[in-house]
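Asks: The following block contains the structure, expressed as structure tokens.
The values are calculated or read from the model by the stated rules, or taken from the named source; none is laboratory data. In this text the structure is predicted, and so the values were computed from the model without any measurement. In this analysis, Cβ positions are derived from the backbone assuming ideal geometry, glycine residues included, and neighbour counts consider all displayed protein chains. The protein model used for the area step is the full one, side chains on, heavy atoms only, and it has no ligands, DNA or RNA in it. Shrake-Rupley method; radii C 1.70, N 1.55, O 1.52, S 1.80 Å.
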Amino acid sequence: MSTFPATRLRRLRRTDTLRALVRETSLSLDDVVMPLFACPGEGVLRPVEGLPGIAQRSVDEIVREGGELAGLGLRAVLLFGIPEAKNAQGAGAWDEDGIVQQALRALRDEVPGLTLLTDVCLCEYTDHGHCGVLEGDTVANDETLELLARTAVSHVDAGADAVCPSDMMDGRVGAIRAALPDTPIVAYAAKYASAFYGPFREVAESAPSFGDRRGYQMDPANGREALRECALDLEEGADVLMVKPALPYLDVIRAVRERFDCPVWAYQVSGEYAMVRAAADAGHLEERRAAVESLTAIKRAGAGTIVTYWAKELAAWL
């Protein structure tokens with residue numbers, strides 16, 4: 001039997017204030033992390049065509065941007081590095097004077113209140129663009145683990161507050177945990193072989209020179225497998241579980257949130273950002289409303305923290 005007309009859900013939608021008072025999901029600057037891309041040089045601010053508003057920055061410009069972000073109220077950044085040279089092992093990833101390590105030391109000195117997270121992977125540093133060392137045309141899982149752990153240790157030695165392994169090698173969280181018993185690990189636990197990474201690979205200069213990453217990143221068709229990945233990462237010592245991408249995998253975020261009693265993050269990837277920016281630039285939608293709506297959807301699905309290229313704009317919008 002219908003309760004209409006006594007029950008009218010529109011009553012609490014009449015004004016901005018009423019809507020705010022009963023809002024179930026909210027965003028704050030505590031919920032977002034800004035990705036930054038460090039590159040060699042001085043005074044370098046190199047925009048990327050496929051990722052409007054995002055740029056490769058030299059260390060001095062990273063510090064400038066980090067200070068501005070902190071001044072806006074943002075609390076955390078996620079650092080990626082574009083090295084001067086690459087080789088088959090990706091040795092620049094753990095070089096104590098590598099580009100991420102330089103950026104970490106500079107940010108720690110100049111912007112001490114900023115929380116510094118680092119992406120731990122080899123794809124930006126290998127000359128073949130894959131996330132680990134190769135045996136023929138195959139990424140060698142176990143041989144890669146030591147190199148990932150060395151990279152994570154070098155980041156912490158340079159000032160990282162937490163490390164974020166994104167390579168999707170089996171056992172990499174355990175290898176890093178053995179090397180860093182006291183450091184928070186944000187594990188890219190469910191990272192899919194997605195079509196939405198294209199603009200990122202342009203800014204990070206990390207596209208594979210042959211093949212693709214479907215041999216180690218997850219099949220987009222699989223959801224239950226993501227829960228197995230998450231369970232293994234927690235057993236190995238992960239503190240936070242990350243789902244990447246975000247919007248195409250809201251069901252996975254929800255499933256992870258319901259299954260595991262730990263912090264759950266999501267990465268709103270470059271393709272998600274670039275699509276909305278392109279549609280807004282073409283006049284098809286309003287960027288601010290679409291961005292906030294998409295971020296709210298990710299939060300509503302269960303992500304406590306979101307890595308997003310809109311973090312800086314969100315500081316002004318909120």
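Asks: DSSP beta bridges in region 160-311, what fraction antiparallel, as a percent rounded to 5?
Replies: For region 160-311, the DSSP antiparallel bridge percentage is about 0.
Asks: I've got another one for you. At a Förster radius of 35 Å, what calculated FRET efficiency corresponds to the Cβ-Cβ distance of A279 and N87, to the nearest 0.05?
Replies: Efficiency for this residue pair is about 0.30.
Asks: Then there's this: Taking amide H atoms as placed 1.01 Å from N in the peptide plane, list the residues 5 or more away in sequence, or in a different chain, whose amide H sits under 5 Å from that of V120.
Replies: Residues meeting the criterion, in which the H sits 1.01 Å from N, are C164, S166.
Asks: Using a Förster distance of 30 angstrom, determine the FRET efficiency expected from the C-beta separation of E293 and L232, and round it to 0.05.
Replies: 0.35
Asks: Turning to a different aspect of this structure: Step through the residues of region 59-73 one at a time and calculate ³J(HN,Hα) from phi using the Karplus curve (6.51 cos²θ - 1.76 cosθ + 1.60, θ = phi - 60°), rounding each to whole Hz and writing x for Gly and Pro.
Replies: 4, 5, 6, 4, 5, 4, 5, x, x, 5, 4, 4, x, 7, x
Asks: If you don't mind, another one. Report Rg(Cα)/(2.2 N^0.38 Å) for region 54-138, keeping two decimals.
Replies: 1.21
Asks: How big is D for region 267-318, in µm² s⁻¹ as a whole number, if Stokes-Einstein is applied with the Kirkwood radius of its Cα pairs at 10 °C and 1.306 mPa s?
Replies: This corresponds to a translational diffusion coefficient of 141 µm²/s.
Asks: Which value in nm describes the separation of the simple spin-label points at D161 and V44, placed 7 Å from the Cα toward the beta carbon?
Replies: Each label point is offset 7 Å from its Cα along the Cβ direction, giving 2.7 nm.
Asks: Right, something else. Rounded to the nearest 5, what % of DSSP beta bridges with both residues in region 93-246 are antiparallel?
Replies: 15
Asks: Under 5 Å between amide H atoms, partner at least 5 residues away or on a different chain: which partners does V307 have, H built in plane at 1.01 Å?
Replies: Result for V307 returns V33, A266, Y267, Q268.
Asks: Using a 1.4 Å probe on the protein chains only, how many percent of the accessible area of region 149-225 belongs to carbon and sulfur?
Replies: 48
Asks: Count the DSSP beta bridges whose two residues both fall in the chain, then state the antiparallel fraction as a percent rounded to the nearest 5.
Replies: 15
Asks: What does the charge dipole of the chain about its Cα centre add up to, to the nearest 20 debye, if the Cβ of each Lys and Arg holds +1 and the Cβ of each Asp and Glu holds -1?
Replies: Once rounded to the nearest 20, the dipole reads 2100 debye.
Asks: Check which residues have an amide H placed less than 5 Å from Y192's amide H, if you skip close sequence neighbours.
Replies: M218, K244
Asks: Enumerate the calculated ³J(HN,Hα) couplings along region 14-31 in order (Karplus 6.51 cos²θ - 1.76 cosθ + 1.60, θ = phi - 60°), each rounded to whole Hz, writing x wherever the residue is Gly or Pro.
Replies: 6, 9, 4, 5, 4, 4, 5, 5, 10, 5, 7, 10, 10, 10, 9, 5, 5, 8
Asks: Another question, then. Which angle between 0 and 90 degrees, to the nearest 10, do you get for helix 141-158 versus the longest principal axis of the chain when only C-alpha atoms count?
Replies: Long axis of 141-158 versus the principal axis of the chain: about 80 degrees.
Asks: When the accessible area of region 1-101 is split by element with a 1.4 Å probe, what percent falls to carbon and sulfur?
Replies: For region 1-101, the apolar C and S fraction of the accessible surface comes to 50 percent.
Asks: Per DSSP helix of 4 or more residues, -39500 (n - 2.57); summed, then divided by the residues of the chain. What does that give at 222 nm, rounded to the nearest 500?
Replies: Computed ellipticity for the chain at 222 nm equals -11500 deg cm²/dmol.
Asks: Provide, in order from the shortest bin, the percent of all Cα-Cα pairs of region 202-308 in each 5 Å bin, continuing until the bin that contains the maximum pair distance.
Replies: 2, 11, 19, 19, 18, 15, 10, 4, 1, 0
Asks: Also, I was wondering about something else. Hey, can you find the accessible area per residue of the chain for me, probe 1.4 Å, expressed in square angstrom?
Replies: 46
Asks: Let me ask something additional. Which ³J(HN,Hα) values, rounded to whole Hz and listed in residue order, are derived for region 284-300 from phi using the Karplus coefficients 6.51, -1.76 and 1.60 in 6.51 cos²θ - 1.76 cosθ + 1.60 with θ = phi - 60°, glycine and proline given as x?
Replies: Listing the rounded values in order: 7, 7, 8, 4, 4, 5, 5, 5, 5, 5, 5, 5, 5, 4, 5, 5, 4 Hz.
Asks: Same structure again: State the volume of the convex hull built on the alpha-carbon positions of the chain, expressed per residue in Å³ and rounded to an integer.
Replies: Cα-based convex hull of the chain, divided per residue, equals 155 Å³.
Asks: Further, regarding this structure: What nm value, rounded to one decimal, do you get for the distance between D239 and D30 when each label is placed 7 Å out toward the C-beta?
Replies: In this crude label model, D239 to D30 measures out at 1.7 nm.
Asks: Here's another thing I want to ask about it. Of I99, A297, F196, whose Cα points farthest to the positive end of the dipole of the chain (charges on the beta-carbon: +1 Lys, Arg; -1 Asp, Glu; origin at the Cα centre)?
Replies: Of the options given, the answer is A297.
Asks: To continue, here is another question. I need the shape label for region 13-164. Rule: rounded when a/c is under 1.5, else prolate if a/b > b/c, else oblate, with a, b, c from the alpha carbon gyration tensor.
Replies: Prolate is the answer for region 13-164, as a/c is 1.5 or above and a/b outweighs b/c.
Asks: Express in nm, to one decimal, how much length is gained between T15 and A221 on full extension, taking 0.36 nm for each residue of separation and deducting their alpha carbon distance.
Replies: Result: 70.0 nm gained on full extension.
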